Amino acid sequence: MSGLEGLLGGDLAKSLGGLIEQFEGGNAHQVAPADAAAHHDAVAKHLSAQDYERAAIDAASKLTPEQRKELAAELTKAAGAKGHTEAAAPHPAEAPSADAVGKLMAGLQGSGGLTSVAEGLLGNPTVRTALVGVATSAAKKLL
């Protein structure tokens, strides 16, 4: 039994294997919104704040500059609407770095959970890709 199976259970570990293939194949945006959130949350609850931040930065590094800009803008807007004023708005003319987006995601995760902030955004393919990216980045380290 792999470390992932022991941590998450066999069925979830197997579905994460398929999720990793989808993410690496560039098809994470096709993951159903509920599945993206569920996989993200299942893995995220087992990560330290530092491990989550590393996984978020890794996931953000796989996004295009346009996707990072879109993700940062959407998360900042949603966070502000939910009272998370610590999320700083990105400069509109520039795409934020993967490090900045990963830190934004990690900050939101630490302040009540990223999926609670992003729940209204799960229809957005870039948001789903980022959530799947965090789950797969962390899961790959456990495989």
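Points worth noting:
- Test: residue in the range 79-95 that is surrounded by fewer than 21 Cβ atoms within 10 Å (Cβ to Cβ), in contact with a Gly (Cβ under 7 Å, 6 or more places away or on another chain) and either within 15 Å of Ala139 (Cα to Cα) or at pLDDT below 90 (or both): yes
- Some residue of the range 121-136 being among the basic types (Lys, Arg) and without any contact (Cβ under 8 Å) to a residue 12 or more places away in the chain: no
- Boolean, Thr136 is at pLDDT 90 or above and in a helix (DSSP H, G or I): yes
The values are calculated or read from the model by the stated rules, or taken from the named source; none is laboratory data. Model, not experiment: these values are computed from the prediction. Positions of Cβ are backbone-derived with ideal geometry, glycine not excepted, and every protein chain shown enters the neighbour counts.
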